[in-house]
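Single-structure report; data block below.
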Amino acid sequence: MQSIVSINGKFYQPQDAKISVFDHGLLYGDGVFEGIRSYGGQIFRLKEHVRRLFDSARAIWLDIAISQEAMCDSIHAALVKSQIQDAYLRVMVTRGCGTLGLDADMCRDSQIIIIVDTIALYPDELYETGLKIVTVVVPRNHPAALNPRIKSMNYLNNILAKIEGKQAGCLEALMLNHKGEVAECTGDNIFIVRQGVLRTPPTSAGILEGVTRGAVMELAEDSGMPVRETALTLFDVYSADECFLTGTAAEVIAVVEVDGRMIGTGKPGPVTLDLKKKFHALARGGLIKT
Ligand code: PMP
């Protein structure tokens with residue numbers, strides 16, 4: 001069991017995995033990526049992640065040299081090579097080496113990088129007690145400038161928000177969109193529960209269309225709960241019965257305080273706990289859905 005890196009299909013030990021300093025991925029954050037997890041050696045929603053990777057690439061005129069099927073095979077091969085059962089896989093496609101100018105046409109060797117490692121985003125106890133988050137000043141990228149649906153390697157918008165959040169003593173931070181509506185957190189999507197209805201911002205609010213978000217919406221619908229993708233204000237969040245975040249690394253985690261306001265009872269709520277349990281069962285193979 002070891003962390004391993006694949007670059008264009010060739011395996012390297014982490015310390016030996018290197019790409020050029022002229023890669024536009026490094027020079028400009030010019031590339032796309034995915035964060036994927038495996039549970040007991042099974043990769044969760046691999047095809048969906050790979051689809052999103054290719055969609056992101058298409059949106060930025062980045063040609064990926066291999067097919068989606070071949071990409072899935074490469075990711076599988078890297079996981080098998082690592083022998084890690086519960087892995088976090090970081091898949092990146094960079095624009096490749098170019099000149100020091102911005103011209104993407106000079107980049108002809110886009111690099112496919114797969115890192116297989118492990119991840120623990122939040123301390124275990126926070127899954128019991130819930131997270132405290134704050135809304136940060138920096139707005140989520142305007143969708144017309146750099147659509148957050150593109151999972152690009154330029155995550156500065158999120159990093160600036162995360163720094164602001166940490167300065168306020170929080171591990172995750174809530175970002176608003178250019179209209180002042182609730183968008184998403186720096187690395188997670190947000191949900192609220194109000195009077196038995198699950199609500200989350202629509203993709204048009206300028207968010208990443210999270211794979212975990214999609215899975216949780218399906219689980220809620222399957223259990224008969226109404227699910228609405230609607231614009232949310234901070235008032236909606238403050239006055240929610242429950243609030244939680246979803247993400248590949250975070251899975252499902254309750255939020256119990258936002259901007260100093262207690263959410264609901266101040267403890268992870270019953271809907272959150274139920275969806276968290278169901279998501280764990282789904283991801284760990286206890287509840288297979290096609
Ligand atoms: N929003 C952002 C900005 C993210 O980076 C992520 C992934 N870490 C998510 C939401 C959650 O997406 P997913 O469930 O596909 O991991």
Quiz item: Do any residues in segment 176-188 that are on the phi < 0 side of the Ramachandran plot have Cβ atoms under 7 Å from those of residues that are acidic (Asp, Glu) and assigned to a strand (DSSP E or B), where the two are at least six apart or on different chains, and which pairs are they?
Solution: Cys185/Glu172; Thr186/Glu172; Asp188/Glu172
Self-check item: Pick from segment 91-128, criterion touching a helix residue (DSSP H, G or I) at 6+ places or on another chain (Cβ under 9 Å) and polar (S, T, N, Q), ranking: surrounded by the most Cβ atoms within 10 Å (Cβ to Cβ)
Solution: Thr94
Quiz item: Cβ-Cβ below 7 Å, separation at least six or inter-chain, first residue in segment 20-40 and over 23 Å from Leu208 (Cα atoms), second assigned to a strand (DSSP E or B) and among the β-branched types (Val, Ile, Thr): which pairs?
Solution: Asp23/Thr94
Quiz item: Among helices (runs of 4 or more DSSP H) lying entirely in segment 23-88, which contain 2 or more residues that are of a type in the set (Asp, Glu) and either at positive phi or exposed (fewer than 15 other Cβ atoms within 10 Å of the Cβ) (or both)?
Solution: 68-82
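Given the condition part of a loop (DSSP other than H, G, I, E, B), assigned by TED's automatic domain parsing to the domain that holds Glu172 and under 21 Å from His178 (Cα atoms), answer yes or no: does some residue in segment 214-227 qualify? If you could, list the steps in order and put the result at the bottom.
The initial filter retains those residues of segment 214-227 that are part of a loop (DSSP other than H, G, I, E, B), namely 223-226.
Now drop any that are not assigned by TED's automatic domain parsing to the domain that holds Glu172, which leaves 223-226.
Now restrict to residues that are under 21 Å from His178 (Cα atoms): none.
Scanning segment 214-227 turns up no residue that is part of a loop (DSSP other than H, G, I, E, B), assigned by TED's automatic domain parsing to the domain that holds Glu172 and under 21 Å from His178 (Cα atoms).
For segment 235-250, which positions are more than 9 Å from the ligand (Cβ to nearest atom), touching a residue at least 40 places away in the same chain (Cβ under 8 Å) and surrounded by fewer than 24 Cβ atoms within 10 Å (Cβ to Cβ)?
Going through segment 235-250, the residues more than 9 Å from the ligand (Cβ to nearest atom) turn out to be 235-244.
Those left that are additionally touching a residue at least 40 places away in the same chain (Cβ under 8 Å): 236-237, 239-244.
Asp236, Val237, Ser239, Ala240, Asp241 - these are the residues of segment 235-250 that are more than 9 Å from the ligand (Cβ to nearest atom), touching a residue at least 40 places away in the same chain (Cβ under 8 Å) and surrounded by fewer than 24 Cβ atoms within 10 Å (Cβ to Cβ).
Right, Glu257: modelled with pLDDT of 95 or more, in contact with a Lys or Arg (Cβ under 9 Å, 6 or more places away or on another chain), assigned to a loop (DSSP other than H, G, I, E, B) and among the acidic types (Asp, Glu) or not?
Details: modelled with pLDDT of 95 or more: yes; in contact with a Lys or Arg (Cβ under 9 Å, 6 or more places away or on another chain): yes; assigned to a loop (DSSP other than H, G, I, E, B): no; among the acidic types (Asp, Glu): yes.
It is false that Glu257 is modelled with pLDDT of 95 or more, in contact with a Lys or Arg (Cβ under 9 Å, 6 or more places away or on another chain), assigned to a loop (DSSP other than H, G, I, E, B) and among the acidic types (Asp, Glu).
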Quiz item: What number of residues within segment 1-22 are more than 21 Å from Gln85 (Cβ to Cβ) and part of a loop (DSSP other than H, G, I, E, B)?
Solution: 8
Self-check item: Tally of residues being in contact (Cβ under 8 Å) with a residue 24 or more places away in the chain and within 16 Å of the ligand (Cβ to nearest atom) across segment 207-234
Solution: 16
Self-check item: Residues of segment 137-173 satisfying the condition of being polar (S, T, N, Q) and touching a Ser or Thr at 6+ places or on another chain (Cβ under 6 Å)
Solution: Asn158
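The values are calculated or read from the model by the stated rules, or taken from the named source; none is laboratory data. Since the structure is predicted, the reported quantities are computational estimates derived from the model, not experimental observations. In this analysis, Cβ positions are derived from the backbone assuming ideal geometry, glycine residues included, and neighbour counts consider all displayed protein chains.
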